[in-house]
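Peer 1: First the structure, which I've put down as structure tokens, then a few questions once you've had a look.
The values are calculated or read from the model by the stated rules, or taken from the named source; none is laboratory data. What you see is a predicted model; the values in this text were computed from it and never measured. Cβ: placed from backbone, ideal geometry, glycine included. Neighbour counts: every protein chain shown. SASA here: full protein model, heavy atoms, side chains in, ligands and nucleic acids out. Shrake-Rupley method; radii C 1.70, N 1.55, O 1.52, S 1.80 Å.
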Amino acid sequence: MVTVAPPDAWTYALRLPHDPRAARVARMTVRAALSGHGMAEVLDVVELLASELVANAYRHARGPASLRLTALGDGRLRVGVWDSSPHIPAPFSEPPGDRVPPAPAGAEGGRGLFLVQECASSWGGWQFGDGLLGRGCGKLLWFEVGGEGRRNR
């Protein structure tokens, strides 16, 4: 009998409508995928950070978003969130030294991107150019956790 081992590298992609429940759906998807692949050590961090990026996509873009989980085969996991807004916020923006300050005590928001820079091993963002008919194609924000990834500091 031959045993098939699951691959070290895999990808899951999820298209999310512009819906206030999208962050919850993203959390549930992350939890199911990472639990199924035995990645409990990064599950809580990835669930939190992916949820923050999807919530920001809902808040700041007018259209759908996409979530992509990619295991890179060396213990690293890359998470990307695409949305239709072209604006790339710090700490994802250039130059790499842009930092997000901690939110003031008592603030109701403003912690998500700070958490990315504190918890992820690396991160970045790409702005896509004009698409058909001169419409912007949005951006992709990504972060990595796990493995021996470098810190963007």
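Peer 1: For a label point 7 Å from the Cα of ALA103 along Cα→C-beta, name the residues of segment 55-74 whose backbone N is under 20 Å from it.
Peer 2: 55-61
Peer 1: Now for a separate question. Take the Cα coordinates of segment 60-113, assign each an equal point scatterer, and use the Debye formula without solvent to give log10 I(q)/I(0) at q = 0.30 Å⁻¹.
Peer 2: After summing over all Cα pairs, the log10 values are -1.09.
Peer 1: Determine the order of TRP126, TRP82 by accessible area, beginning with the largest, at a probe radius of 1.4 Å.
Peer 2: Numbers: TRP126 130, TRP82 60 Å².
So the residues, ranked largest to smallest area, are TRP126, TRP82.
Peer 1: To continue, here is another question. Multiply the residue gap between ARG59 and HIS87 by 0.36 nm, knock off their C-alpha separation, and tell me the result in nm, one decimal place. Walk me through the intermediate numbers first.
Peer 2: Working: separation 28, 0.36 × 28 = 10.08 nm, distance 1.25 nm.
So the extension gain works out to 8.8 nm.
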